[in-house]
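Below is one structure, written out as structure tokens, with a few remarks after it.
The values are calculated or read from the model by the stated rules, or taken from the named source; none is laboratory data. What you are looking at is a predicted structure, and each value in this text was computed from that prediction instead of being measured. Note: ideal-geometry Cβ built from the backbone for every residue, glycine included; neighbour counts use all protein chains shown. For accessibility, only protein heavy atoms count, side chains too; no ligands or nucleic acids. Shrake-Rupley method; radii C 1.70, N 1.55, O 1.52, S 1.80 Å.
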Amino acid sequence: MRIAFLDPGNLESDLQAGAIAGYSLIWLLMWATAIGLLIQLLSARLGVATGRHLAELCREEYPTWARMVLWIMAEIALIGADIQEVIGSAIAIKILSNGLIPLWAGVVITALDCFIFLFLENYGIRKLEAVFAVLIATMALAFAWMFGQTKPSGTELLVGALVPKLSSRTIKQAVGIVGCIIMPHNVFLHSALVQSRKVDPKKSVRVKEALKYYSIESTGALAVSFIINVFVTTVFAKAFYGTDIADTIGLANARQYLQDKYGGGFFPILYIWAIGVLAAGQSSTITGTYAGQFIMGGFLNLKMKKWVRALITRSCAIVPTMIVALVFDSSDSMLDELNEWLNVLQSVQIPFAVIPLLCLVSNEHIMGTFKIQPLVQTISWIVAALVIAINGYLMVDFFSGAATSVVLLVLVIIFAVAYVAFVLYLISRGLTYTPWQLVSSEKVTQRDDE
């Protein structure tokens with residue numbers, strides 16, 4: 001779950017926020033992480049209290065057409081996240097090989113690595129968790145080393161964390177921070193991961209105990225992810241804030257700017273950066289594959305071997321990623337522009353994970369005594385509305401610039417109308433809940449009576 005807060009998309013958002021906004025958006029990074037924690041705790045609550053994960057419950061509680069739309073949206077979000085993660089790993093491999101391994105070859109290596117790591121699951125989920133712990137520790141050490149080498153200002157860091165500050169120049173980076181923290185596929189994933197520990201949902205004492213310890217575990221995990229994200233933001237704030245090149249820095253070219261700024265030394269900083277990005281990319285591709293299995297299996301109720309499902313979900317992401325690697329290999333600026341598109345894609349998908357989650361955890365029919373209380377419901381819906389509004393701003397800003405012709409403008413308007421209509425439908429389902437299976441059976445009964 002923590003990896004989704006540390007994937008290459010997050011690292012790019014962090015470095016751009018630091019280079020363009022300096023230390024001024026660290027407070028937003030902190031509160032965005034807190035919002036992410038709230039949503040992840042609700043996801044864990046759903047999984048523990050019901051014994052089923054979010055995708056399974058969506059299959060059961062929504063009519064077929066809505067379920068299929070939700071599934072397609074979740075798959076699109078997952079593919080977009082996977083492209084960023086695999087490309088991030090491939091960029092790191094290219095740096096570490098001094099350019100000998102091209103981007104497309106790095107994609108192939110990352111895809112194969114993913115299956116090797118998944119093979120470890122056969123020896124127990126705790127072994128796989130240990131691998132994740134090593135990768136996260138690698139990230140922490142790499143970015144902490146960079147933090148120590150660049151010596152950012154502790155005073156400015158503290159002020160940035162405690163004093164909210166936002167300007168028109170940094171609004172895009174602010175939106176990017178929030179958009180990267182809330183990952184749609186991670187909402188589906190966490191409700192399934194908590195079931196790796198067997199808890200009988202019929203025993204309320206056991207459920208309460210599990211929720212208590214998952215809350216502690218999740219809070220600790222995201223505290224570590226926040227610290228790592230702060231390391232990246234402050235390193236680039238110290239090195240590039242206020243410089244002429246601040247607006248041009250992205251994940252693909254960051255290593256060269258770091259090298260130009262800090263030189264070689266015994267162990268050049270670009271290799272430290274590459275090691276951290278590689279650990280982020282490798283770990284996030286595994287979680288992406290996991291999420292893909294739960295999403296596909298849950299929505300479609302597919303019964304197939306785990307490696308077959310992994311192969312299908314991995315192929316859905318690797319094929320477009322390979323195309324991206326071949327097309328954009330020689331252009332860092334085009335890779336960074338692609339990442340902007342992919343961040344927007346994640347923003348588009350957020351309501352289709354968060355709204356069903358809030359509707360389900362608020363429903364006594366599904367959650368029983370573990371449904372969230374009115375105060376938590378109110379806070380959760382306010383937070384969801386805020387996140388959706390922020391990402392809506394990003395979408396409007398992005399698409400208004402992209403719609404350069406009448407045809408594109410018409411297509412954007414049609415998409416916007418359909419998008420808003422479906423979001424309103426999902427909200428209305430939460431307000432007037434009736435299981436779709438019950439509605440279907442009532443119709444059948446009515447026809448039989450006639």
Computed FRET efficiency, Cβ-Cβ of Val134 and Val69, R0 45 Å: what is it to the nearest 0.05?
-> 0.70
With θ set to phi - 60° and the Karplus curve 6.51 cos²θ - 1.76 cosθ + 1.60, what are the ³J(HN,Hα) couplings of region 42-49 in order, to the nearest whole Hz, using x for Gly and Pro?
-> 5, 5, 5, 4, 4, x, 6, 6
Holding the Cα-Cα limit at 19 Å, pick out from Lys208/Lys371; Lys127/Lys202; Lys198/Lys303; Lys151/Lys261; Lys151/Lys238 the pairs that are longer than that.
-> Lys127/Lys202; Lys198/Lys303
Sorting Arg2, Arg126 by accessible area (1.4 Å probe), largest first, what list results?
-> Arg126, Arg2
Which values of log₁₀ I(q)/I(0), to two decimal places, follow from the Debye formula for region 238-290 at q = 0.19, 0.21, 0.26 Å⁻¹ with a uniform point scatterer at every Cα?
-> -0.72, -0.81, -1.00
Helix-only [θ]222 nm of the chain, DSSP H runs n ≥ 4, -39500 (n - 2.57) each, per residue, nearest 500 = -27000 deg cm²/dmol
Report the label-to-label distance for Ile323 and Ile427 in nanometres (one decimal), using points 7 Å from each Cα along the Cα→Cβ vector.
-> 3.4 nm
Table column - 3J(HN,Hα) (Hz), region 72-79, Karplus curve with 6.51, -1.76, 1.60, x for Gly and Pro | 4, 4, 5, 5, 4, 4, 5, 5
Could you calculate the contour length gain from Val308 to Ala34, that is, 0.36 nm times the residue separation minus the distance between their Cα atoms, to one decimal place in nm?
-> 95.0 nm
Work out the P(r) tail for region 8-348: percent of alpha carbon pairs separated by more than 30 Å, whole number.
-> 35 percent
Region 8-348, relative contact order [Cα under 8 Å, separation at least 6], % | 43 percent
At 0.36 nm per residue, minus the direct Cα-Cα distance, what do Asn98 and Ile216 gain on full extension? Give it in nm, one decimal, please.
-> 38.3 nm
Leu345, Leu54, Leu28, Leu386, reordered so the largest accessible area comes first (probe 1.4 Å) = Leu386, Leu345, Leu28, Leu54
What list of ³J(HN,Hα) couplings, whole Hz, do you get for region 279-292 from phi and the Karplus terms 6.51, -1.76, 1.60, once you set θ to phi - 60° and write x for glycine and proline?
-> 4, 5, x, 4, 5, 6, 5, 5, 5, x, 5, 4, 4, x
Extent of region 160-220 along each principal axis, from alpha carbon coordinates, in Å, largest to smallest?
-> 52, 26, 15
